[in-house]
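What follows is a short report on a single structure.
The values are calculated or read from the model by the stated rules, or taken from the named source; none is laboratory data. Keep in mind it's a predicted model, so treat the numbers as computed, not measured. Here the Cβ positions follow ideal geometry from the backbone for every residue, glycine too, while neighbour counts run over all protein chains shown. We work out accessible area using only protein heavy atoms, side chains counted, and drop any ligands, DNA or RNA first. Shrake-Rupley method; radii C 1.70, N 1.55, O 1.52, S 1.80 Å.
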Amino acid sequence: MPATLRRRRWLAGLALTLLLPTTVVTAAVEVPQMRLERSDDGLYLSAALAFDLPPLVEDALYKGIPLFFVAEARVLRERWYWTDQRVAVVQRHMRLAYQPLTRRWRLNVSPQPFGTAGLGVALSQNFEELNEALDAIRRISRWRIADIALLDPEQRYTVGFDFRLDTSQLPRPLQMGIAGRSDWSLSADRTLQLPPESGR
């Protein structure tokens with residue numbers, strides 16, 4: 001049997017196993033802390049996320065399915081005469097995977113989506129425990145989201161922050177099986193105002 005066919009059957013079996021009747025858990029993500037900081041070179045965002053992985057999602061990790069998370073920040077300049085102007089949009093892509101041979105967790109972080117050809121340019125960290133890896137995802141510290149030259153000190157800006165579990169990067173059989181399931185819907189969003197420097 002060709003290797004690709006074996007892999008597809010294995011993934012289909014895994015998807016079926018993960019979707020057996022179970023208690024449905026609503027996966028809530030909260031953003032209890034979010035802060036903006038202007039500096040000489042840019043606008044920085046720091047945030048703290050609060051969430052736990054539902055048992056079904058955690059089980060997928062232990063079965064060798066990597067999870068992909070995406071954080072996105074948008075900087076918009078408010079305009080009274082037209083729609084807000086988009087000044088900057090940045091993303092942070094995170095890939096969390098379990099390494100069965102070493103029994104360790106690997107977290108890759110990249111400003112670009114992870115391609116099928118590999119991880120590309122990404123920062124990698126290893127952790128002994130799942131909670132340690134999740135803590136690294138839950139904390140966003142001094143993330144540079146815009147160049148200071150793009151910001152008019154006399155203007156007001158709105159910064160939108162989104163975080164989600166990106167199920168579009170899961171294996172295709174699993175994607176089809178989890179469609180509409182609330183325990184795979186981890187997401188949060190929050191908005192902050194950045195006032196003019198003269199109004200601070």
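Label separation (Thr158 vs Asp59): 4.1 nm, computed from points 7 Å beyond Cα along the C-beta direction.
Overall size of region 39-191 from C-alpha positions, given as principal axis extents largest first: 55, 33, 31 Å. Given R0 = 41 Å, the distance between the Cβ atoms of Ser187 and Glu128 translates into a calculated FRET efficiency of 0.90. Element breakdown for region 43-192 at a 1.4 angstrom probe: carbon and sulfur atoms account for 48% of the accessible area. Annotation for Arg79 and Ser168: the two label points, set 7 Å from Cα along the Cα-Cβ direction, are 2.6 nm apart. Rounded to whole numbers, the Karplus 3J(HN,Hα) couplings from phi for region 30-36 are 10, 10, x, 9, 8, 9, 10 Hz, using 6.51 cos²θ - 1.76 cosθ + 1.60 with θ = phi - 60°, and x at Gly and Pro.
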